[in-house]
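Participant: For reference, the structure I am asking about is given below.
Values quoted throughout were computed directly from the atomic coordinates according to the rules given, and no laboratory measurement underlies them. Everything quoted here is computed from the prediction, not taken from an experiment. Backbone-built Cβ (ideal geometry, glycine too); neighbour counts: all protein chains shown.
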Amino acid sequence: MESGSSRIGIDLGSRKAKFALLVGNNIAKLADRDTVTFYKRFGRMEGGELLLDLAGSELFSPEELSVSAVTVTGYGRNTLSLRGARVISEIRAHVAGAIKQTGLKNFTMLDMGGQDTKVALITSGKLADFVMNDKCAASSGRYLENMAAILEVSLEELSSHWEEPVPLDATCGIFGESELIGQILRGFPVERLCAGVNQTLVKRVMPMLNRFPSENLVLTGGVALNRALVKLLEKEIGRNIIVPPHPQHNGAIGCATI
């Protein structure tokens, strides 16, 4: 493996830490770990910098680590300083990942992570503009996790229902939980309640999407694995949604690409 041909990308998300190894133009390895658990086992702060014991984690071989440039992004990026790594913004990483995975040069990207949502307009392969909601988790994966817990269903079960959604109008995640409990008490079936939760996510991101209309909408982040959300978004915007092969690892792939 020649030096310079191998790159490691790391996306330290709020819920999951994602890792990608690119050799040449090919994605050679993808991995993810629970962020808190990974930090506890393999991370420590020293002199204001974050040290990650990547060798101890056994995610990459000693040879891969010795020849690979490392680029990192993630939650808390404004205070993140990983020793020996290049640090880039989340939006730059996710745009690069979306371009790498789809081959598109003109599109709108909707990235829905564990605790924030980003919408970006990409024109001729360049970031033209973006908007980000990181103040409220009501349009993120954390909201889905909380609602699934209230409904006592798995995230996989939640993501399989989109028909006849029960209206849920609260704009706050906390109030949304109370509203959902009220609808449970009214006797609605769990399938329609799941659909309602997914529909609520669509309603919350539409104002952001409407700022950057585009022929192509690329959906990234862990929430892109929610099949119901994709169906409801397609119905709302009237065109196909492009989900890249590895939506959850998109930021890590973008880091490695850059």
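Participant: Quick one: if the Förster radius is 30 Å, what FRET efficiency do PHE188 and ARG239 give, using the C-beta to C-beta distance and rounding to 0.05?
Facilitator: According to the calculation, E is roughly 0.50.
Participant: For a Förster distance of 30 Å, can you work out the FRET efficiency between the beta-carbons of ILE181 and ASN210, rounded to the nearest 0.05?
Facilitator: E(calc), rounded to 0.05, equals 0.45.
Participant: Turning to a different aspect of this structure: Could you tell me which GluC sites (Glu not before Pro) in the range 1-70 are loop residues by DSSP with no more than 12 other beta carbons within 10 angstrom of their beta carbon?
Facilitator: Loop-located and lightly packed - GLU2, GLU58.
Participant: Taking Rg and Dmax of the Cα atoms in Å as the quantity of interest, determine which of [x] 18.3, 54; [y] 22.6, 75; [z] 19.0, 64 was computed from the displayed structure.
Facilitator: [z]
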